Amino acid sequence: MGGRIDNSFNDGTSPYVLQINGSNHHKIGSLLPRSVLLPKFAQSYIYDTSNELSNRMIAFRASGHSSIRADIAQGLQQMLDSVNLYVVVFKRERDMLRDHGDVFDLQIRIV
């Protein structure tokens, strides 16, 4: 999480107060995996999307979830692709990376 945190209220005489000025945001890390790692989380929408389902299955199995059914995972992936607005944003970024090559300072802002 990120944001501008205002600690001026915390003088030690009262309970802790968390006040965020401006907008709160979530930092998801790199959109591309390191070369030796498989994609996970949002990376799977951008990196190697021709193998998106198999990459997801490998990531789940590597984390100890060996009973994941491929047919259910595929159905969930198709559902997210058709209704989730965030998936659309990530896939648009994937297309930009594909069309423009390496982009080193890529940020996604969803407001």
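The values are calculated or read from the model by the stated rules, or taken from the named source; none is laboratory data. The structure displayed is predicted, hence computed values, not measured ones. Don't worry about glycine lacking a Cβ; one is built from the backbone with ideal geometry, like all the others, and counts go over all protein chains shown.
Within the set of pairs 6 or more residues apart or between chains, which connect a residue that is farther than 22 Å from Leu37 by Cα and among the hydroxyl-bearing types (Ser, Thr, Tyr) inside region 60-85 to a residue that is surrounded by 11 or more Cβ atoms within 10 Å (Cβ to Cβ) and modelled with pLDDT under 80 with Cβ atoms less than 6 Å apart?
If the second residue must be surrounded by 11 or more Cβ atoms within 10 Å (Cβ to Cβ) and modelled with pLDDT under 80, no pairs are left.
Among helices (runs of 4 or more DSSP H) lying entirely in the chain, which contain 2 or more residues that are at pLDDT 80 or above and exposed (fewer than 11 other Cβ atoms within 10 Å of the Cβ)?
By residue number, 70-83, 85-100.
Quickly run through region 33-60 and pick out the residues that are among the aliphatic types (A, V, I, L, M) and under 20 Å from Asp71 (Cβ atoms).
Hits for region 33-60 are Leu53, Met57, Ile58, Ala59.
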